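Asker: My questions all concern the structure below.
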Amino acid sequence: MCVLFTQCKDDDANIFRAYVEGKFTFSDAKFLGEPIHLVVDKKIMAESFPKESGSFVLAGPYDKGAYKLQLKSFKIKSFSTETVGCKISPDSLSIEIPNGVTYVIFNDITLK
Amino acid sequence: MMKRSILFFIVVFSISVSAQRRKQDWTEQVRFSVDPHLKVMTSMGNNFLSDAFGYFYGFGIGLNTNLYKNFGLGVEYTYFLATVKDRDRFGYLGAPSMNNFDWYVFHKDKITEDFFVEEILGYSTYRIKSPYLDNSGKFSEGNGGLNLGGKAIYVLDVEGVQEVVFGAKLNFYNAKIGNQNPDIEKYYSKATLLNISLAYRFNF
């Protein structure tokens with residue numbers, strides 16, 4: 001009964017909006033023409049294009065798990081953030097964001 | 001014996017008639033109405049509903065019952081559609097639809113013979129459904145909140161059966177979308193919606 005009640009009450013209790021913003025440092029202007037994504041379990045949850053200044057905002061709904069900020073073809077050299085646990089993926093195309101982190105600011109993401 | 005039973009019958013009959021008359025006095029004031037409506041709604045302030053979407057356009061139907069004196073209860077169902085204005089903060093989602101119920105108490109004021117005003121206070125439920133752009137189903141969000149507003153009612157015929165109703169309402173939207181940053185959580189979970197409506201009302 002208790003379980004039933006809480007389930008009825010909190011429809012959205014386990015829904016999150018991941019919110020990631022930041023700025024890219026890039027040299028090739030082609031980068032601005034490629035979409036950037038937030039991906040969880042190979043499923044896209046957010047899509048955007050970086051602004052001319054390199055700044056971006058990505059936000060999308062998900063319920064659990066680690067996710068990543070993914071680029072299409074440009075590779076990441078380095079990044080800076082206050083959030084602990086983020087790391088560049090082996091193929092350098094994305095930054096992996098750990099489970100439970102729903103708000104990240106990347107002050108600077110430098111491309112190769 | 002026969003006389004007695006006739007007398008008994010008359011007494012019972014007269015009691016029931018007078019009881020019915022008293023009941024009619026009360027029920028005479030109970031009126032029902034049904035009103036199909038159109039609504040336009042917008043979100044005010046800094047929240048994802050106002051940043052991500054254009055106007056919400058909706059249609060639906062309302063039922064009202066004037067229960068006692070000038071007080072009554074009503075419910076309105078509206079199906080809204082909106083276009084996506086900015087996807088960056090919304091997600092990888094398509095144009096949303098919204099199912100909205102407004103439950104309310106109203107008070108009616110007679111201004112002239114063919115012009116009335118209603119004040120409204122109630123509770124609303126909201127469900128926004130947006131298709132995932134990878135066709136993997138729909139994302140659903142929304143919960144409930146207070147609503148308050150008013151309606152202006154113009155009587156169209158001598159019998160008072162048909163009316164046109166213009167309404168304006170504030171709907172407080174609450175959802176539970178989690179984020180570590182309280183400002184972001186609020187940005188996705190709370191909004192104040194302003195809507196105006198035009199309805200054609202039939203009284204019966």
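Asker: May I ask which of A:Lys51/B:Lys138; A:Lys43/B:Lys39; A:Lys64/A:Lys112; B:Lys129/B:Lys190; B:Lys85/B:Lys169 have a Cα-Cα span longer than 25 Å here?
Answerer: A:Lys51/B:Lys138; A:Lys43/B:Lys39; A:Lys64/A:Lys112
Asker: Related question: What is the magnitude of the charge dipole of the protein assembly as shown about its Cα centre, with +1 placed on the Cβ of each Lys and Arg, -1 on the Cβ of each Asp and Glu, and no other charges, expressed in debye to the nearest 20? Provide the component values of the computation, followed by the final result.
Answerer: On the way: 36 positive and 34 negative charges, 148 e Å.
Once rounded to the nearest 20, the dipole reads 700 debye.
Asker: Could I ask something else about it? Could you work out, residue by residue across B:193-199, how many beta carbons of other chains sit within 10 Å of that residue's beta carbon, and then give the average as an integer?
Answerer: Across B:193-199, the average partner-chain Cβ count within 10 Å equals 0.
Asker: With the dipole of the protein assembly as shown worked out from charges on the C-beta (+1 for Lys and Arg, -1 for Asp and Glu) around the Cα centre, which of B:Tyr154, A:Ser89, B:Pro131 lies farthest toward the positive end?
Answerer: Value: B:Pro131.
Asker: Let me ask something else about it. Taking beta carbons within 10 Å but only from partner chains, what does the mean come to for residues A:19-31?
Answerer: Details: counts 9, 0, 2, 0, 0, 0, 0, 0, 0, 0, 0, 0, 0.
For peptide A:19-31, the averaged partner shielding equals 1.
Asker: How big is the B/A interface in buried accessible area, both sides summed, 1.4 Å probe, to the nearest 100 Å²? Walk me through the intermediate numbers first.
Answerer: Values: alone 12410 and 7110 Å², together 17370 Å².
It comes to approximately 2100 Å² buried between B and A.
Asker: May I ask you to give the percent of accessible area on the protein assembly as shown that is carbon plus sulfur, with a probe radius of 1.4 Å?
Answerer: Roughly 62 percent of what the probe reaches on the protein assembly as shown is carbon or sulfur.
Asker: What residues have an amide H closer than 5 Å to that of A:Ala18, excluding those fewer than 5 places away on the same chain, when H is modeled at 1.01 Å from N in the peptide plane?
Answerer: Residues meeting the criterion, in which the H sits 1.01 Å from N, are A:Gly60, A:Tyr62.
Asker: Can you list the HN-Hα couplings for the stretch B:130-143, worked out from phi with the Karplus curve (6.51, -1.76, 1.60; θ = phi - 60°), rounded to whole Hz and with x for Gly and Pro?
Answerer: These are the phi-based 3J(HN,Hα) values: 10, x, 5, 6, 8, 6, 9, x, 10, 9, 10, 8, x, 8 Hz.
Asker: With every protein chain kept in place and ligands, DNA and RNA left out, what is the accessible area per residue of the stretch A:34-82? Probe 1.4 Å, answer in Å². Show your work: numbers first, answer last.
Answerer: Numbers: 2430 Å² over 49 residues.
The answer is 50 Å² per residue.
Asker: Please get the size of the charge dipole for the stretch B:123-204, origin at its Cα centre, with Cβ charges of +1 on Lys and Arg and -1 on Asp and Glu, quoted in debye to the nearest 20. Let's see the in-between values first.
Answerer: Working: 9 positive and 7 negative charges, 46 e Å.
Approximately 220 debye in magnitude.
Asker: Moving on to the next point. On a 0 to 90 degree scale, rounded to 10, what angle separates helix B:2-27 from the longest Cα axis of chain B?
Answerer: Orientation of helix B:2-27: about 30 degrees from the principal axis.
Asker: Mind checking the dipole of chain A: about its Cα centre, +1 per Lys or Arg Cβ, -1 per Asp or Glu Cβ, Debye to the nearest 20?
Answerer: Details: 14 positive and 14 negative charges, 70 e Å.
The calculated dipole for chain A is roughly 340 debye.
Asker: Pull out the extension gain between A:Lys51 and A:Lys72, defined as 0.36 nm times the separation in residues minus the alpha carbon to alpha carbon distance; nm, one decimal. Display every interim value, and only then the final one.
Answerer: On the way: separation 21, 0.36 × 21 = 7.56 nm, distance 1.59 nm.
Value of the extension gain: 6.0 nm.
The values are calculated or read from the model by the stated rules, or taken from the named source; none is laboratory data. Since we're looking at a predicted model, the values are computed, not measured. Ideal geometry is used to build each Cβ from the backbone, glycine not excepted, and the neighbour counts take in all protein chains shown. What goes into the accessible areas is simple: the full protein's heavy atoms, side chains included, and nothing from ligands, DNA or RNA. Shrake-Rupley method; radii C 1.70, N 1.55, O 1.52, S 1.80 Å.
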